[in-house]
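The structure under discussion appears below in the form of structure tokens.
Read the figures in this text as sums done on the coordinates, not as results from a lab. These numbers come from a predicted model, not from an experiment. Reconstructed Cβ throughout: ideal geometry from the backbone, glycine too, with neighbour counts over all protein chains shown.
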Amino acid sequence: MSFISSGNEISFDKDRIIVSKTDLKGKITYGNELFIELSGYSEKELLGSPHSMIRHEKMPKTVFRILWNGISKGKEIFAYVVNRAKNGDYYWVFANVTPSFNSRGDVVGYHSVRRKPKQEAIAAISELYGKLLDIERRDGVDGGLRALEDILDNEGISYEEYIISI
Ligand SMILES: Cc1cc2nc3c(=O)[nH]c(=O)nc-3n(C[C@H](O)[C@H](O)[C@H](O)COP(=O)(O)O)c2cc1C
């Protein structure tokens, strides 16, 4: 059985980018046309809603922990994410999430730019996410973070290096 067993994969052109912005709490403040189209929601439904509105149940919590730990400290984070559209269909993205700063250097919100990932990367990340989901069911997010650290330590690479290598 494939990693995602419900809904259909939504395809989009590899040259297009999907953009959204959030406030500090992760509420959506902006979505470009493609973001809105793929979500299946209206702009009105999206704006002001938590970004977890499009969370897919196959996304490990561990990945979002890494995301928020990084961006809340002002770092940019890369991640493969599968999102769930309103009707239950899904689409994979390669996301680059960055903090937005004001003129005083404070983080005032976040910005995500996403592209279509390569098929090989989806296969590799699905295998990892499957493992993390199993571990999270047993040992929660802390277990997921420890397991990911062990996997990366064994390979001798950082999270960023792994993400860029697949
Ligand atoms: C700029 C930005 C973009 C995000 N994009 C997504 C996204 O496309 N899909 C998603 O599931 N979560 C996204 N998140 C993470 C969500 O805020 C949230 O942490 C995640 O959906 C998990 O939900 P939870 O934190 O309620 O467990 C994004 C967060 C930020 C700051």
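Give me the number: length gained by fully extending E127 to S42, i.e. 0.36 nm times residue separation minus the C-alpha to C-alpha distance, one decimal in nm.
Values: separation 85, 0.36 × 85 = 30.60 nm, distance 3.26 nm.
Additional length available on full extension: 27.3 nm.
Just to confirm the filter: which trypsin sites (Lys or Arg not before Pro) across the range 79-166 are DSSP coil and have at most 16 other Cβ within 10 angstrom of their Cβ?
K86, R104, K118
Given labels modelled 7 Å from the Cα in the Cβ direction, how far is it in nm from K86 to V108?
3.1
Let me know the charge dipole size of the range 18-117 about its Cα centre in debye, to the nearest 20, where only the beta-carbon of Lys, Arg (+1) and Asp, Glu (-1) is charged.
Numbers: 16 positive and 9 negative charges, 72 e Å.
Roughly 340 debye, rounded to the nearest 20.
Could you tell me which of L38, V81, F101 has its Cα farthest along the dipole of the range 1-106 towards the positive end, charges placed at Cβ (Lys, Arg +1; Asp, Glu -1), taken about the Cα centre?
Checking the options against the dipole of the range 1-106, the answer is F101.
Report the percentage of all Cα-Cα pairs in the chain whose separation exceeds 24 Å, rounded to a whole percent.
When every Cα pair of the chain is considered, 35 percent fall beyond 24 Å.
Cut-off under 22 Å on the C-alpha distance; same-chain residues fewer than 8 positions from K27 excluded. Which lysines are left, in chain and number order?
Within the straight-line limit of under 22 Å, K27 reaches these lysines: K44, K58, K61, K73, K75, K86.
At 7 Å along the Cα-to-beta-carbon direction for both E57 and N154, put a label point, then send me their distance in nm to one decimal.
2.8
Counting only other residues whose beta carbon sits under 11 Å from that of I4, what net charge do I get with K and R as +1, D and E as -1?
-1
Only residues of the range 66-102 count here: report those whose backbone N is under 16 Å from the spot 7 Å along Cα→Cβ of S11, or say none.
Correct set: 90-93.
In whole angstrom, note down how far apart the Cα centers of the range 18-48 and the range 55-84 are.
Using only Cα atoms, the two centres lie 16 Å from each other.
What are the residues whose amide H is under 5 Å from the amide H of A85, where those residues sit 5 or more places off or on another chain and H is modelled from the backbone?
It is Y90, Y91, by chain and number.
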